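First up is the structure itself, then whatever we jot down about it.
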């Protein structure tokens, strides 16, 4: 959908970029701008800059950049329209209506506010049914889980009756349409043409987004003979299971002391009831990169409390990998009790204080990885012991701190029954090989950044390495000073741009700049986040320079026109060598004009 310019301007005006970003990243003032550590890649020295004057941001480390809409897209993993909608909602601005395209039967006609409303109505229905006589069996089950009344109310736990259309009849009576009920994953039309409930005879756990809206449900079976233990809402326009963590709406308020990540709503709720308000859970999916990025907004420490079975161990390894990528340190809670497979069982049998002790004594990820490697080999067999030591040395080589490598090499050697020197020596050898590879990659990156080689956004940058800096300067100045666009639009033509990407940008921005209006980088989703980051880089680069006036623009435009003329003449000369004399005469004339000036 193409939002109107007044609507977008109002959304951005009421969501100042420094206010929005500071909810995710601590910022400090640096002159007229704000700086902080980038939320999109791991760094210790701040390279992320928020430009208050242009309501934009740019990371000089990873190249991420854009406006407040782009930031919400990147930090929340949202599509353009969803990001605009979230910002509008935060500011209390009604969304612009989106007419349904008659030629596209797949275009959704259900508005998100209706999905929020139908989920809220369903949550109230389930909660009321739990309190009713037919919810007696569900209440008995909750008693076995030792969930008290305060916890049930806080999490809105409910009960889906063992009937085919109980919820549907309620929602239909509330005025919700079959389409709204279907899109929300609360009901479905059967082969007989009648609607039926998707949640039946289940304990219902509402799933909330960060703002406290009910967006989905997790239904736990009450009849243990049923094949599916849990039925979770499939992805809908308001719910993406790869982006939402159960309990995060509560836990975000205690995230500064670290977050405890477990599997499933009941474990999470049990920990909250026991006083661990920083517990969260994945639902029906392993931890994803989007989950990791969400967590990085709130904390730098995550305690992994997965089940002790093989699936839980696999999830732990995956969690360590993804969380490390976004700069989150991880610790692993080892329950170590044969009678407790998960945190809920452990707390019931041993109490909250015992779990708190496990939390305090949780192992770091390096110790966990060492033991995980050891568990996969039979050290009494020489060949397996050799393979284990090679894999151990390879892992220790990935540790960046030399002192840490030495400490853990000694620890691994002790468990392997080898000398500390042998493990350390092999780890250091592998480290040197790894550093050589990393250095080659870094050199390649420097070459790419300085010459344009391998630029994935502007693929013509290397080919037109002389023209590209002038194109970037023109666009950067205009984004800083759109009022200069009126005159520039009369001087500059699309053909003056040698690179196709920058020509595309000029064509996108030209009509706005011709009116002296700042162009909308996100208009109609015409640019990808990477492209928006590149454009933001142009603007950020010019913001550090003093000469961004019309005279500077004319100089760059003049150079681009000369280069265009040269390219055109070179093409003609290839076809007709006689044109060379004409071109030389033009160069002499231009030089005379410059000298006379």
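Derivation of every value follows stated rules applied to the coordinates shown; laboratory data play no part. Predicted model only: the values in this text are computed from it and were never measured. Methodologically, a virtual Cβ is constructed for each residue, glycine included, from the backbone with ideal geometry; neighbour enumeration extends over all protein chains shown.
With neighbours defined as other Cβ atoms within 10 Å of a residue's Cβ, the residues 387, 124 order from fewest to most as 387, 124. In terms of its alpha-carbon gyration tensor, region 152-299 comes out prolate; a/c meets the 1.5 threshold, and the first ratio a/b outweighs b/c.
Against the empirical 2.2 N^0.38 Å (N residues), region 237-350 has a Cα radius of gyration ratio of 0.98.
Gap in Å between the Cα centre of region 350-407 and the Cα centre of region 19-71? Cα centres, region 19-71 to region 350-407: 37 Å. Projecting label points 7 angstrom from Cα along Cα→Cβ for residue 550 and residue 42 puts them 5.1 nm apart. Rounding to the nearest 10 and keeping the result within 0 to 90°, find how far the Cα-based axis of helix 112-131 lies from the longest principal axis of the chain. Helix 112-131 sits at roughly 10 degrees to that axis. Summarising the label geometry, the points placed 7 Å from Cα in the beta-carbon direction at residue 325 and residue 345 lie 3.1 nm from one another. The packing ranking of peptides 259-271, 415-427, highest mean first, is 259-271, 415-427, where packing means the average number of other beta carbon atoms within 10 angstrom of each residue. How many percent of DSSP beta bridges within the chain run antiparallel, rounded to 5? DSSP beta bridges in the chain are roughly 75 percent antiparallel. Exposure proxy shown here: for 139, 463, 293, the number of other Cβ atoms within 10 Å sets the order, fewest to most, as 463, 139, 293. Both radii are taken from the alpha-carbon atoms of the chain; with Rh as the Kirkwood radius, Rg/Rh is 1.06. With the simple spin-label model, which puts each label point 7 Å out from Cα in the Cβ direction, the residue 354 to residue 243 separation comes to 4.1 nm. Mean separation of Cα pairs under 8 Å and 6 or more residues apart, divided by the residue count, gives the chain a relative contact order of 10 percent. Averaging the sequence gap over all C-alpha pairs within less than 8 Å and six or more residues apart, then dividing by the number of residues, gives region 108-239 a relative contact order of 26 percent.
Here the sum of -39500 (n - 2.57) over DSSP H runs of 4 or more residues, divided by the residues of the chain, equals -16000 deg cm²/dmol at 222 nm, to the nearest 500. Arranged from fewest to most other beta-carbon atoms within 10 Å of their beta carbon, 386, 521, 167 become 386, 521, 167. Packing order of peptides 53-60, 355-362, 323-330, highest average first: 53-60, 323-330, 355-362 (average count of other Cβ atoms within 10 Å over each peptide's residues). What residues from region 257-279 fall in the zone where the backbone N is under 17 Å from a label point 7 Å along the Cα-to-C-beta line of residue 148? Counting backbone N atoms under 17 Å from the label point, the list is 269-278.
Extension gain, residue 137 to residue 374, is 80.7 nm, computed as 0.36 nm per intervening residue step minus the present C-alpha separation.
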